[in-house]
Amino acid sequence: MNHQLNPHFLFSSLNNIRALIYLDKDRASDMISPLSSILQYTLQHQNGLIALRKEVAIVDDYLMLEKIRLEERLKIKRNWAEDSLDCSVPAMFLQTLTENAIKHGINKRLEGGYCH
């Protein structure tokens, strides 16, 4: 399975950072590390299995960046069973599901929604 990060997400994140540089340098700076982690993860883990714990960490970085873009429209609720985090999943599987949930669900709703 070969999953890729949505190029629109990358461009949107970079544009958000660019805009925030003038408005809120600390928030712009806070966006760099998660974006870097996501890009590095994407390049290193295109195929194969990965611990769910690592996939969740990347999804958390992704959600942090999307939260800046969607603001109050994106509500995040985490509910992971600790013993499930050591299970293996296909790399980019959870991240792709999360990205699609936001793109096809929350983005289309004016009131936003929860990402579980």
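None of the figures in this text is laboratory data; all of them are computed from the coordinates on show. This one's a predicted model, so the numbers in the text were calculated from it and none came from an experiment. Note that we place each Cβ from the backbone using ideal geometry, even for glycine, and neighbour counts take in every protein chain shown.
See the values below:
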read-out: Karplus-derived HN-Hα couplings along the stretch 95-104 (A = 6.51, B = -1.76, C = 1.60, θ = phi - 60°), whole Hz, x at Gly and Pro; value: 5, 5, 4, 5, 4, 5, 4, 6, 4, 9
read-out: Distant-in-sequence amide H partners of Gly105 (H built 1.01 Å from N, under 5 Å); value: none
read-out: Distant-in-sequence amide H partners of Ile50 (H built 1.01 Å from N, under 5 Å); value: Val89, Ala91
read-out: The stretch 85-90 - phi-based ³J(HN,Hα) in whole Hz, Karplus 6.51/-1.76/1.60, Gly and Pro as x; value: 6, 8, 5, 8, 9, x
read-out: Simple spin-label estimate for Asn100 and Ser12 in nanometres, 7 Å along Cα-Cβ; value: 1.6
read-out: Backbone HN-Hα couplings from phi across the stretch 62-71 [Karplus 6.51/-1.76/1.60, Hz, Gly and Pro as x]; value: 4, 5, 4, 5, 5, 5, 5, 6, 8, 6
read-out: Residue among Leu70, Gln40, Thr98 farthest towards the positive dipole end of the chain, charges placed on Cβ; value: Leu70
